[in-house]
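**Q** Supplied in C-alpha cells, the structure appears directly below.
Computed from the coordinates by the stated procedures, all read-outs in this text should not be read as laboratory data. Just so it is clear, the model here is predicted, and its values are computed rather than measured. Quick reminder, even Gly has a Cβ in these numbers, built from the backbone with ideal geometry, and neighbours come from all protein chains shown.
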Amino acid sequence: IAGITQAPTSQILAAGRRMTLRCTQDMRHNAMYWYRQDLGLGLRLIHYSNTAGTTGKGEVPDGYSVSRANTDDFPLTLASAVPSQTSVYFCASGTESGSYNEQFFGPGTRLTVL
Amino acid sequence: DQQVKQNSPSLSVQEGRISILNCDYTNSMFDYFLWYKKYPAEGPTFLISISSIKDKNEDGRFTVFLNKSAKHLSLHIVPSQPGDSAVYFCAASDSGTYKYIFGTGTRLKVLA
C-alpha cells in the first residue's frame, strides 16, 4: 500500500441499508478527513480525526458516523442510507493536526443510493 | 452560505497562454489558503499554498496571489499546457480550526 486507499471504488446501495466506506493510509499521518464532492458544491467536510481515538464533526455530519481505532484506518458509516447521500466520497490525511498541513487524498468512492 | 467561492465554473485557455483562476472568501479569519488540482476519477492533489503574511507565492509555472483587503486570491498558470486541464479547487482555513473550507471548483480546459 502506498498513500491512501479507499474501498469500494463504487457502490450502488438501496435506501435504508447500512454501508461502511473504508479508508486506510500508510503514511502514519495523525489527521484524517472525510469529504463528499457534489456538483456545484465542491468538497464538503463530513467528519475528521486529529489523532487516533478522537473524532470531530465537519460541515455536513448528519447521517454519518466515523471511528478512529488506530492511526491507519478511518471508516465512514452510513447507518441508514438515503438518496441525498449519493455522492463521491474522498478520504484524506494530513501530517499534523492543529497546524496547517497539506492533505493527501484517496481516489474516492462513488456511492449511489437508490 | 458559501464561505469560499469560485464564481467561474469553467475556463478555456489556449496552450501557451496564461490561465487565471479566481477565488473569493468571506471569512476574515481565514489565514491560510491552498489550491488543489483534480483529474477525473482521481482524488485532488495539492498544488500550491499561501499564508496571509504573504501576498504572492510562486512554484514553477504556478503563482498564487492573495489580496487580503479584497478577500480574493488567484492562481496563475503560465504557460498553460494541455496537461493542466483539470478541476481546480481553492481551500481556506483559519488557525483556530485548521479545517479547510473548499470552493466549488473551476474546470480548466487548455486547448492545444
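**Q** Cα centroids of region B:1-73 and region A:46-98: how far apart, whole angstrom?
**A** Cα centroid to Cα centroid, the span is 25 Å.
**Q** Distance from a point 7 Å along Cα→Cβ of B:Lys68 to each backbone N in region B:12-51: keep the residues under 13 Å and list them by number.
**A** B:28-33, B:51
**Q** Can you figure out the FRET efficiency of A:Ala79 with B:Asp59, using R₀ = 41 Å and their beta-carbon distance, to the nearest 0.05?
**A** With R0 = 41 Å, the Cβ-Cβ based efficiency is 0.45.
**Q** Now for a separate question. For B:Val110, what charge total do you get from the other residues with a beta carbon under 13 Å from its beta carbon, if Lys and Arg give +1 and Asp and Glu give -1?
**A** Taking every Cβ under 13 Å from that of B:Val110, the sum is +3.
**Q** How charged is the neighbourhood of A:Ala81? Take every other residue with its Cβ under 11 Å from the Cβ of A:Ala81, and add Lys/Arg as +1 and Asp/Glu as -1.
**A** With Lys, Arg at +1 and Asp, Glu at -1, the neighbours total +2.
**Q** What does the net charge come to around A:Gly56 if you take all other residues with beta carbon closer than 11 Å to its beta carbon, with K and R at +1 and D and E at -1?
**A** +3
**Q** Another question, then. So for chain A, averaging the separation of alpha carbon pairs under 8 Å that are six or more residues apart and normalising by length, what relative contact order in percent results?
**A** In percent, rounded to a whole number, it is 35.
**Q** Same structure, new question: Mind computing the radius of gyration and Dmax over the alpha-carbon atoms of chain A? Å is fine for both.
**A** Here Rg and the maximum Cα pair distance are 13.2, 39 Å.
**Q** Given a Förster radius of 35 Å and the C-beta distance between A:Ser67 and B:Ser10 as r, what FRET efficiency does 1/(1 + (r/R0)^6) yield to the nearest 0.05?
**A** E(calc), rounded to 0.05, equals 0.35.
**Q** Would you mind telling me which residue in B:Leu34, B:Leu21, B:Leu11 has the biggest mean-square fluctuation in a Gaussian network model of chain B, where springs connect alpha carbons within a distance under 10 angstrom?
**A** B:Leu11
**Q** Report, ordered by chain and residue number, the aspartates and glutamates lying within cross-link reach of B:Lys38, taken as a straight Cα distance under 12 Å and ignoring same-chain residues fewer than 8 apart.
**A** B:Asp84
**Q** Taking the Cα-to-Cβ direction at B:Thr45 and at B:Arg17 and moving 7 Å from each Cα, how far apart do the two end points lie in nm?
**A** Modelled inter-label distance: 2.6 nm.
**Q** Sticking with this one: I need the calculated FRET efficiency for the pair B:Ala112 and A:Ala7, taking r as the beta carbon distance and R₀ as 30 Å, to the nearest 0.05.
**A** The calculated FRET efficiency here is 0.25.
**Q** Count neighbours as other Cβ atoms within 10 Å of each site's Cβ, and list the trypsin sites (Lys or Arg not before Pro) in region B:1-103 that are DSSP loop with at most 15 such neighbours.
**A** B:Arg17, B:Lys54, B:Arg61, B:Lys68
**Q** Also, I was wondering about something else. Mind listing which trypsin sites (Lys or Arg not before Pro) in region A:6-114 are in a DSSP loop and have 14 or fewer other Cβ atoms within 10 Å?
**A** A:Arg17, A:Arg18, A:Arg28
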